[in-house]
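The values are calculated or read from the model by the stated rules, or taken from the named source; none is laboratory data. Remember, predicted model here, so these are calculated numbers, not experimental data. Cβ: placed from backbone, ideal geometry, glycine included. Neighbour counts: every protein chain shown.
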Amino acid sequence: MKVVAIWLAVLGLAAALATSCSVNHRSGDFRCAQSADCATDRVCVDGYCVTNGFIPPDSPSLPVEDAALVPPDALACPAECTSCDLGAMRCAIDCDANPALCNQQVVCPAGWNCDVRCTPGGLCRSGVLCGDSTSCTVTCAGRGSCNNITCGTGDCDVRCIGTNSCSVVNGGDVAPTTVTCEGGGSCRNIRGGAAPIELTCAGSSTCLGVQCGAGACSMACNGDEACGDVTCGVDACKVDCTGDASCAQVACADACACDVACRGAFSCNTDLTCKPFCEGAEGCTSLGGCNSCP
């Protein structure tokens, strides 16, 4: 009888071990290299697909062992971001990592420092909206990338490196806007807002069609045939034309201070309109500041 009891105990232990070994931990189901590897309601953070909200450790959708490996702070990364740094409130939107995010309008989350990277070519054509972001940096490195970039309430830095990139840029009304145009044919139709705007037009045929807006406007036209058709606003306007055949048309008669330096070969060679009595030997001069001309 004792032998039978021992044998039954052994069988019970074996069954328990078999049951424990049959548990299937699906930890691999939530691993990822990029957000495109995840379900539509999740983003890839630190190698794991996570949702935008907090996931309790006992959530049936994420195994306990996987939830423990994901930093709690990472779970607050906005869905608009491909990666983020919660401590610095920095949101990266990398079109190369997740092109689907950039085939539609790119929206920077409110309160975040946004870094949008529009590469490869043809992405961010549905617009980039900086909105209420704390700061917004948009890099248009792909050929033909970026259309209708609209700066928001924070500092705005737009870098147009790709050929024929940045077809429309709208400056901000609160914080300054900086636009750097290096790719050939980049930066067409730039519209300044109420805040100051500063442009560097280094590539050939860049900054074609500039309306400075109500804020102060400063332009460095270094590229050949750069800065065609520039209209200054009512605030101080400074245009430095050093590229050959740059600044074909510049109108600054309405600016309180108008300074246009035509130093490149054949620069300002079509139509230059200065503020009355502010004509200089090589362009326009404000004689020292706003409303200082006789």
Would you confirm, using the coordinates I've provided, whether A216 is more than 19 Å from the chain's Cα centre (by Cα), crowded, with 21+ Cβ neighbours inside 10 Å and modelled with pLDDT of 95 or more? yes
Looking at D46, D73, can you tell me which residue is surrounded by fewer than 18 Cβ atoms within 10 Å (Cβ to Cβ), at pLDDT below 90 and touching a helix residue (DSSP H, G or I) at 6+ places or on another chain (Cβ under 6 Å)? D46
Kindly check whether there is at least one residue in the range 177-197 that is among the acidic types (D, E) and closer than 28 Å to T119 by Cβ. yes
Options G203, G233; residue that is in contact (Cβ under 8 Å) with a residue 12 or more places away in the chain, closer than 20 Å to C181 by Cα and not hydroxyl-bearing (S, T, Y): G203
I'd like the full set of residues that are of a type in the set (A, V, I, L, M) and either farther than 17 Å from K275 by Cβ or surrounded by fewer than 21 Cβ atoms within 10 Å (Cβ to Cβ) (or both), limited to the range 219-239. A220, A226, V234
With the condition kept exactly as written, say whether any residue in the range 175-187 is surrounded by fewer than 24 Cβ atoms within 10 Å (Cβ to Cβ) and on the phi > 0 side of the Ramachandran plot. yes
When the range 194-219 is examined, which residues are found to be part of a strand (DSSP E or B) and closer than 16 Å to T150 by Cα? I197, E198, L199, V210, Q211
Can you give me the number of residues within the range 90-133 that are farther than 22 Å from S167 by Cβ, surrounded by fewer than 21 Cβ atoms within 10 Å (Cβ to Cβ) and of a type outside the set (K, R)? 8
Cβ contacts < 6 Å: first residue part of a strand (DSSP E or B), restricted to the range 82-97; second residue small (G, A, S) and crowded, with 19+ Cβ neighbours inside 10 Å, any location; separation 6+ or different chain. Result? A92/S83
Looking for something more than 16 Å from C256 (Cβ to Cβ), touching a strand residue (DSSP E or B) at 6+ places or on another chain (Cβ under 9 Å) and among the small types (G, A, S) - is there at least one such residue anywhere in the range 212-219? no
If I filter the range 235-275 down to residues being aliphatic (A, V, I, L, M) and not in a loop (DSSP other than H, G, I, E, B), which single residue comes out as nearest to E198 (Cα to Cα)? V239
Out of T150, T139, T134, which single residue is of a type in the set (V, I, T) and in contact with a Leu (Cβ under 6 Å, 6 or more places away or on another chain)? T150
How about the range 176-217: which of its residues are among the hydroxyl-bearing types (S, T, Y) and over 16 Å from C247 (Cα atoms)? T177, T178, T180
